[in-house]
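The values are calculated or read from the model by the stated rules, or taken from the named source; none is laboratory data. As the structure is a prediction and not an experimental result, all values here were calculated from the model. When we count neighbours, we look across all protein chains shown, and the Cβ atoms used for this are built from the backbone with ideal geometry, even at glycine. Only protein heavy atoms, including side chains, enter the accessible area calculation; ligands, DNA and RNA are left aside. Shrake-Rupley method; radii C 1.70, N 1.55, O 1.52, S 1.80 Å.
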Amino acid sequence: APVAMLDDERPRALWSEIVVLAEQLAPEPPLVPAMPEERALMFGLCHELCGDDGLGWNARALIAAANRAAGNDAFESMYRKYSSPSPVEHARRRVADILGLLDRQLAAQTARGRDYLVGDRLSAADLYWAGFSNLFVAMAPDLCAMPDFYRALGAITCGHLSPPVPSRLLDHRDRVVRDHLDTPVAF
């Protein structure tokens, strides 16, 4: 998981394939901008969030390193499946760089009077940020139901961050979830 299956078509296992399939199945409202520049920006931001060496990848590397250091290998098989053993300093730097990129992008959008990471409407980048942000600061229970152990992961990843996750990004996440998803989202 996650893998999307549709009828007799090939499985879609990559985040980008799943976004394209979602657009084909339900083109309204679109999650991929129509303008080529905005589309390229959205896919680029999504890659920074979801792709190899992206935000999720490196957050999991930080969690894995902390668990290994504590002698806890309960999640080791998941980490091997979804991450690689990035050096902690590399993972910390990539997480900080990506959070900074997202914060600057959202600030630029806000200055243009726009409420989303790309363009003037919700995109896959907003939704992927909402999902991956829980690896840093879990959404409130009224927004997202999740196991307590998952809520505790944020303390591990945030322990590696200075400065912390920008509040602008967390406020954006909460607004996107409230405005666009049925809450509480089931984890």
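In region 109-187, what percent of the accessible surface is made up of carbon and sulfur (1.4 Å probe, ligands and nucleic acids excluded)? Present the calculation step by step, with values, prior to reporting the outcome.
On the way: 2120 of 3940 Å².
Using a 1.4 Å probe with all protein chains present, region 109-187 comes out at 54 percent carbon and sulfur.
Note on T183: accessible area approximately 70 square angstrom, rounded to 10, probe 1.4 Å, nucleic acids and ligands left out.
Given axes a ≥ b ≥ c from the Cα gyration tensor, I'd like to know whether region 88-132 is rounded (a/c under 1.5), prolate (a/b larger than b/c) or oblate. Oblate is the answer for region 88-132, as a/c is 1.5 or above yet b/c matches or exceeds a/b. For region 17-173, averaging the sequence separation of C-alpha pairs within contact (under 8 Å, six or more residues apart) and dividing by the residue count gives a relative contact order of 25 percent. Taking every alpha-carbon pair under 8 Å whose residues sit at least 6 apart, region 122-178 reaches a relative contact order of 48 percent.
3J(HN,Hα) along region 135-141: 6, 10, 9, 5, 5, 4, x Hz, from the Karplus curve 6.51 cos²θ - 1.76 cosθ + 1.60 with θ = phi - 60°, whole Hz, x for Gly and Pro. Between 0 and 90 degrees, the angle of helix 36-50 with respect to the longest Cα principal axis of the chain falls at about 20 degrees.
Which order do peptides 42-49, 124-131 fall in by mean Cβ count within 10 Å, highest first? Write down the numbers at each step before the final one.
On the way: 42-49: 21.4, 124-131: 24.1.
Ranked by mean Cβ neighbours within 10 Å, highest first: 124-131, 42-49.
For region 9-72 and region 126-166, what is the separation of their C-alpha centers, rounded to whole Å? About 16 Å separates the Cα centre of region 9-72 from the one of region 126-166.
At 0.36 nm per residue, and after removing the present C-alpha to C-alpha distance, how many nm does the segment from A152 to E23 gain when stretched out fully? Present the calculation step by step, with values, prior to reporting the outcome.
Details: separation 129, 0.36 × 129 = 46.44 nm, distance 3.35 nm.
Answer, rounded to one decimal: 43.1 nm.
Taking Cα atoms only, the orientation of helix 55-69 departs from the longest principal axis of the chain by about 10 degrees.
If only the Cβ of Lys and Arg carry +1 and only the Cβ of Asp and Glu carry -1, the dipole of the chain around its Cα centre is close to 600 debye. In the context of the full set of protein chains, the chain has a per residue accessible area of 53 Å² (1.4 Å probe).
A dipole drawn for the chain from +1 and -1 charges on Cβ atoms has a positive end, and of G71, H47, A130 the residue lying farthest that way is G71.
Every helix of 4 or more DSSP H residues in the chain counts as -39500 (n - 2.57), and over all residues that averages to -17500 deg cm²/dmol at 222 nm. Under 5 Å from the amide H of C144 lie the amide H atoms of V185, each residue being 5 or more positions distant or on a separate chain, with H modelled from the backbone and absent for Pro and chain starts.
When the Gaussian network model of the chain links Cα atoms closer than 10 Å, the mean-square fluctuations of V32, V95, V20 top out at V20. Using a Förster radius of 30 Å, what is the FRET efficiency between L101 and D7 based on their Cβ-Cβ separation? Nearest 0.05, please. Computed FRET efficiency for L101 and D7: 0.20.
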